[in-house]
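To keep things clear, I will list the structure first and then write my remarks on it.
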Amino acid sequence: CTLSVIDQGIGIPPQMLNQLFDLNKKNSRPGTFGETGTGFGIHIVKSYVDSYGGEILVSSSDQSGSSGTTVKLILKEYKK
């Protein structure tokens, strides 16, 4: 099962994208409309997805004209 969440926001710069799951790095910046914070704690989501044997992929661009971020959760199929 794959779930993708896509936004059309300001994007994530490459340096921040490389550190997105690093708990030792603070990843915060003003959002599209100046809101503070960076959302729901992507490292928490990664830990849940990892614990169930899934994968999380994040792609983003902060370049003018192609901004936005895609977060893709790839979950293992559950079989009874």
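The values are calculated or read from the model by the stated rules, or taken from the named source; none is laboratory data. A quick note: this is a predicted structure, and the numbers were derived from the prediction, not measured. Neighbour counts are summed over all protein chains in view; Cβ atoms, including those assigned to glycine, are modelled from backbone coordinates with ideal geometry. All accessible areas refer to the heavy atoms of the entire protein, side chains included, with ligands and DNA or RNA removed. Shrake-Rupley method; radii C 1.70, N 1.55, O 1.52, S 1.80 Å.
General remarks:
- Within the stretch 9-25, residues that are without any contact (Cβ under 8 Å) to a residue 24 or more places away in the chain and assigned to a loop (DSSP other than H, G, I, E, B) have Cβ atoms under 8 Å from residues that are open to solvent by 60 Å² or more (accessible area, probe 1.4 Å) and of a type outside the set (D, E, K, R) in these pairs: 22/43; 23/43, counting only partners at least 6 apart in sequence or on another chain.
- Scanning the stretch 30-80 for residues that are in a helix (DSSP H, G or I) and either among the polar types (S, T, N, Q) or at pLDDT below 75 (or both) yields 47, 51.
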